[in-house]
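Student: The structure under discussion is supplied below as structure tokens; questions concerning it will follow.
The values are calculated or read from the model by the stated rules, or taken from the named source; none is laboratory data. Here the structure is a predicted model, which means the values were calculated and not measured. With ideal geometry, Cβ positions are generated from the backbone for all residues, glycine too; neighbour counts draw on all protein chains shown.
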Ligand code: GDP
């Protein structure tokens, strides 16, 4: 039997829930995952890639599913010592997690690219899916607010997404080139799935990497997405505020408008059934299902529904 190849576009927490379900029903080896790296940040002198780590720990079955990030059974001794030295008391990184950041930073010093490092970390953690950063070049999301310009992680964690969004900048995105094989995977994948991630700062950044969006528009009929917005609300995070900033409706319809150029199929939550016709008028096939992934069974059910479409 030939096996299908699935290419996923992913952010962090929302994507990881879907990937958790998917990796439980199909062989991980058939998954290629392009991950947002515009949330990456250097703190305590360490290179931290929040979305890559969430996806990697999920596939390695090490993730803390309750929190949605970091390792299970984690301790925070090193972090509490670090806060004696650094004036940074808002970022959470456990001891085991810090080991990943130390290792990544060491490999960066030794000249490895982000793509190579991701490969090495995945193989050492027993991950069989191919996980790749959206690009090797550093890209950083900054949110301009009335209290100043904030790195996305600072806006999200330290300021709990409270400051008004004046502008969003994907710094250096114009220098970003797709990681190796990404364009080939877009061409060859049987199905491309855009995870239920933040459309603007997780998926929008990947789309901003040279040629990725154009390549997707050429294979629109095999591009599927799951809406991260349910009944006009985000499950978590600032997707609502960012959609508003973009001038888009805070709904599955707003997300569909943003993806319209390259989206062939859209799974929206059954609570949003009334939006189906309006979204179909954009030329997108729409399906409704329970997209709230509150436990492993629901994650698996949604993943199965999407791959069976
Ligand atoms: P982040 O980078 O950690 O913020 O994670 P992502 O960008 O991958 O995901 C954030 C998005 O996931 C938010 O817009 C949430 O609304 C969405 N999300 C989280 N959990 C769920 C869920 O169970 N179902 C759906 N449909 N969306 C979810």
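Student: Condition (residue is modelled with pLDDT of 95 or more, more than 16 Å from the ligand (Cβ to nearest atom), closer than 24 Å to residue 298 by Cβ and in a helix (DSSP H, G or I)) applied to the range 274-282: is it met by at least one residue?
Tutor: Scanning the range 274-282 turns up at least one residue that is modelled with pLDDT of 95 or more, more than 16 Å from the ligand (Cβ to nearest atom), closer than 24 Å to residue 298 by Cβ and in a helix (DSSP H, G or I).
Student: Next question. Quick check on my filter: what residues within the range 231-245 are touching a helix residue (DSSP H, G or I) at 6+ places or on another chain (Cβ under 6 Å) and not in a helix (DSSP H, G or I)? Give the steps one after another, and end with the answer.
Tutor: Looking only at the range 231-245, we keep the residues that are touching a helix residue (DSSP H, G or I) at 6+ places or on another chain (Cβ under 6 Å), and these are 231, 234, 242-243.
The answer is 231, 234.
Student: Residue check: is residue 205 in a helix (DSSP H, G or I) and buried (at least 20 other Cβ atoms within 10 Å of the Cβ)?
Tutor: So residue 205 fits the description; yes.
Student: Sticking with this one: Would you confirm, using the coordinates I've provided, whether residue 56 is crowded, with 21+ Cβ neighbours inside 10 Å, under 23 Å from residue 128 (Cα atoms) and more than 16 Å from the ligand (Cβ to nearest atom)? Working first, answer last.
Tutor: Numbers: crowded, with 21+ Cβ neighbours inside 10 Å: yes; under 23 Å from residue 128 (Cα atoms): yes; more than 16 Å from the ligand (Cβ to nearest atom): no.
Here the answer is no, as residue 56 does not meet what is asked.
Student: Can you name the condition, by its number, that residue 250 falls short on among (1) in contact (Cβ under 8 Å) with a residue 40 or more places away in the chain; (2) assigned to a loop (DSSP other than H, G, I, E, B)?
Tutor: Failed condition: (1).
Student: To continue, here is another question. Would you mention how many residues in the range 249-265 are more than 22 Å from residue 68 (Cβ to Cβ), more than 17 Å from the chain's Cα centre (by Cα) and within 13 Å of the ligand (Cβ to nearest atom)?
Tutor: 2
Student: Separate question: From the list 180, 158, which one is away from the ligand (no atom under 16 Å from the Cβ) and surrounded by fewer than 21 Cβ atoms within 10 Å (Cβ to Cβ)? Outline the logic, then answer.
Tutor: Values: 158 fails: away from the ligand (no atom under 16 Å from the Cβ).
On inspection, the qualifying residue turns out to be 180.
Residues are listed down the side, and each one gets a yes or a no for (1) loosely packed, with under 14 Cβ neighbours inside 10 Å; (2) out of contact with any helix residue (DSSP H, G or I) (no Cβ under 8 Å at 6 or more places or on another chain):
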residue: 88; (1), (2): yes, no
residue: 109; (1), (2): yes, yes
residue: 121; (1), (2): no, no
residue: 124; (1), (2): yes, yes
residue: 138; (1), (2): no, yes
residue: 154; (1), (2): no, yes
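Student: Could you figure out which of (1) surrounded by 15 or more Cβ atoms within 10 Å (Cβ to Cβ); (2) more than 29 Å from residue 191 (Cα to Cα) isn't true of residue 95?
Tutor: For residue 95, the exception is condition (1).
Student: Quick check on my filter: what residues within the range 4-46 are within 12 Å of residue 307 (Cα to Cα) and out of contact with any strand residue (DSSP E or B) (no Cβ under 9 Å at 6 or more places or on another chain)?
Tutor: Within the range 4-46, 21, 25 qualify.
Student: Determine, yes or no, whether residue 65 is out of contact with any helix residue (DSSP H, G or I) (no Cβ under 9 Å at 6 or more places or on another chain) and more than 20 Å from residue 36 (Cβ to Cβ).
Tutor: Values: out of contact with any helix residue (DSSP H, G or I) (no Cβ under 9 Å at 6 or more places or on another chain): no; more than 20 Å from residue 36 (Cβ to Cβ): yes.
No; evaluated as a whole, the condition is false for this residue.
Student: Identify the residue in the range 61-110 that is assigned to a loop (DSSP other than H, G, I, E, B) and farther than 25 Å from residue 236 by Cα and, among all such residues, is nearest to the ligand (Cβ to nearest atom). Give the steps one after another, and end with the answer.
Tutor: From the range 61-110, those assigned to a loop (DSSP other than H, G, I, E, B) are 61-62, 64-70, 72-76, 86-94, 110; that's our starting set.
The next check asks that each one be farther than 25 Å from residue 236 by Cα; those that pass are 86-87, 110.
Numbers: 86: 23, 87: 25, 110: 28 Å.
Residue satisfying both the conditions and the ranking: 86.
Student: Would you confirm, using the coordinates I've provided, whether residue 35 is within 11 Å of the ligand (Cβ to nearest atom) and either under 25 Å from residue 299 (Cα atoms) or at pLDDT below 95 (or both)? Talk me through it step by step, then tell me what you get.
Tutor: Working: within 11 Å of the ligand (Cβ to nearest atom): yes; either under 25 Å from residue 299 (Cα atoms) or at pLDDT below 95 (or both): yes.
Taking the combined requirement at face value, the residue satisfies it.
Student: What's the number of the only condition in (1) more than 18 Å from residue 57 (Cβ to Cβ); (2) surrounded by fewer than 16 Cβ atoms within 10 Å (Cβ to Cβ); (3) free of Cβ contacts under 8 Å to residues at least 24 places away in the same chain; (4) out of contact with any helix residue (DSSP H, G or I) (no Cβ under 7 Å at 6 or more places or on another chain) that residue 113 fails to meet?
Tutor: Checking residue 113 against (1) more than 18 Å from residue 57 (Cβ to Cβ); (2) surrounded by fewer than 16 Cβ atoms within 10 Å (Cβ to Cβ); (3) free of Cβ contacts under 8 Å to residues at least 24 places away in the same chain; (4) out of contact with any helix residue (DSSP H, G or I) (no Cβ under 7 Å at 6 or more places or on another chain), the one that fails is (2).
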